[in-house]
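Notes follow the structure.
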Amino acid sequence: MMRPLEPYKQPVQTNQTIFTWPGNHVLMTCGDGTLKLVSWPDMQLVHSVTAQTTAAYAIDISSNGDYIAIGGSDSLITLWDYTGWICKRSFNKMTGPVRSLSFSFDSCYLVGGSDEGNGLEIAHVYGGEYVYKVETNSPCPQVAWSPRSYALAYAGDGGSKLKIIGDFETKMG
Amino acid sequence: MSGTAPPPLAKPIYQSLFARTYSRYKTTIYSDAPPNKHNVSSSHNIRTLAWNPLGTLVATGAPDRTLRIWNPERPNAKHSTELKGHQGGIERVTFHPTKVSELASASTDGTVKFWDVRSKNSTAEVKTGNANLFLTWQPQGNGLLVGTKVRELQIRGGRKCRANAE
């Protein structure tokens, strides 16, 4: 079922990878600050841009494929249109390194997790503004939105407990 | 996926209404620590978490090797499933993109394990030989990419994939 293919040795450390939705390309953030698009599975370089000045720890792609979000040690979240290769906007409310990123199921909202700073700031992807802050008593490094609703899972209480915010009355809808 | 229809997607919330709607949502806590234990080691902290494709399960992984599957509607730990087998910390968990009960986990023990939540067992394992840092599925489930500490990406593909040259 799962055949291993030859390992692909890289000249620079790859920090994060994510596939594009058609499944034949991979976006990679690298230790030299570049964002690369490679074909899959032959891993041939298609395009490369300088994207980050620091290591990228998190990457996510919106469900409609419009954008990818990248976050790293400088606490900045940048939004990239990877077909036109432009940085569309950035979000700067994070106070510590970005450890995880998650788009909502409808591609419209973005949230990031960090190990510094309390609260989870939710931003509107297309409007560019922050719309809501989930208050927490400690930093939450891991966040993930449900793929079908606005239920948001995160590592709360210093990361020791899974918490999920949701509209539980209507069954997570 | 199974024969029953998947639950419908939630209704979108407009930007101007987001704060008002979201502030009404409730937070549920899922804890597997014994209730009177106060000094849970930080190696038990969640390092990775992921939803399955229908949003009916959440997986968490920790440096102390705990890999746990939760049903969001059942916050009591006794209804969760612990998947045992890794010999090192769990760096990344990710569900199969189209199968609601199957997932893969990457560990510092140099293996990627595939699991079926229903049987609670590891169905397959691949050895990368190095501490694993991240993994990501190809969206149609035709393979996955594993990143390791020695700057290698390893691709596990289906029948159609060719070995790459580098």
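Here are the numbers for the structure shown:
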item: Residue-level accessible surface for B:Lys120, protein heavy atoms, 1.4 Å, Å²; result: 120 Å²
item: Whether segment A:79-173 is rounded, prolate or oblate, judged on the alpha carbon gyration tensor where a/c under 1.5 counts as rounded; result: oblate
item: Accessible area, probe 1.4 Å, largest first, for residues A:Arg89, B:Arg47; result: B:Arg47, A:Arg89
item: A/B buried area, accessible surface, summed, 1.4 Å probe, Å²; result: 6100 Å²
item: Percent carbon-and-sulfur accessible area, segment B:1-129, ignoring ligands, DNA and RNA, probe 1.4 Å; result: 49 percent
item: GNM result for chain A, Cα springs below 10 Å: residue of A:Ser104, A:Ser138, A:Ser160 fluctuating most strongly; result: A:Ser160
item: Contact order normalised by residue count of chain A, Cα under 8 Å, 6+ apart, percent; result: 11 percent
item: Solvent-accessible area, 1.4 Å probe, carbon plus sulfur percent, for segment A:1-91; result: 54 percent
item: Residues along segment A:19-48 losing 20 Å² or more of accessible surface when the other protein chains are present rather than the chain by itself (probe 1.4 Å); result: A:Phe19, A:Trp21, A:Gly23, A:Trp40, A:Pro41, A:Asp42, A:Met43
item: A:Leu76, B:Leu103, ranked by accessible area, largest first (probe 1.4 Å); result: A:Leu76, B:Leu103
item: Solvent-accessible heavy-atom area per residue, rounded to whole Å², over segment A:57-173 at 1.4 Å; result: 34 Å²
item: Heavy-atom SASA rank of A:Val46, A:Val131, A:Val26 (probe 1.4 Å, accessible area, largest first); result: A:Val46, A:Val131, A:Val26
item: Net charge of Cβ neighbours under 13 Å - reference A:Ile59; Lys, Arg +1; Asp, Glu -1; result: +2
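The values are calculated or read from the model by the stated rules, or taken from the named source; none is laboratory data. Small disclaimer: the values here were computed from a predicted structure and weren't measured. Cβ sites come from the backbone with ideal geometry, for glycine too, and all protein chains shown count toward neighbours. These area figures cover heavy atoms from the full protein model, side chains too; ligands, DNA and RNA do not enter into them. Shrake-Rupley method; radii C 1.70, N 1.55, O 1.52, S 1.80 Å.
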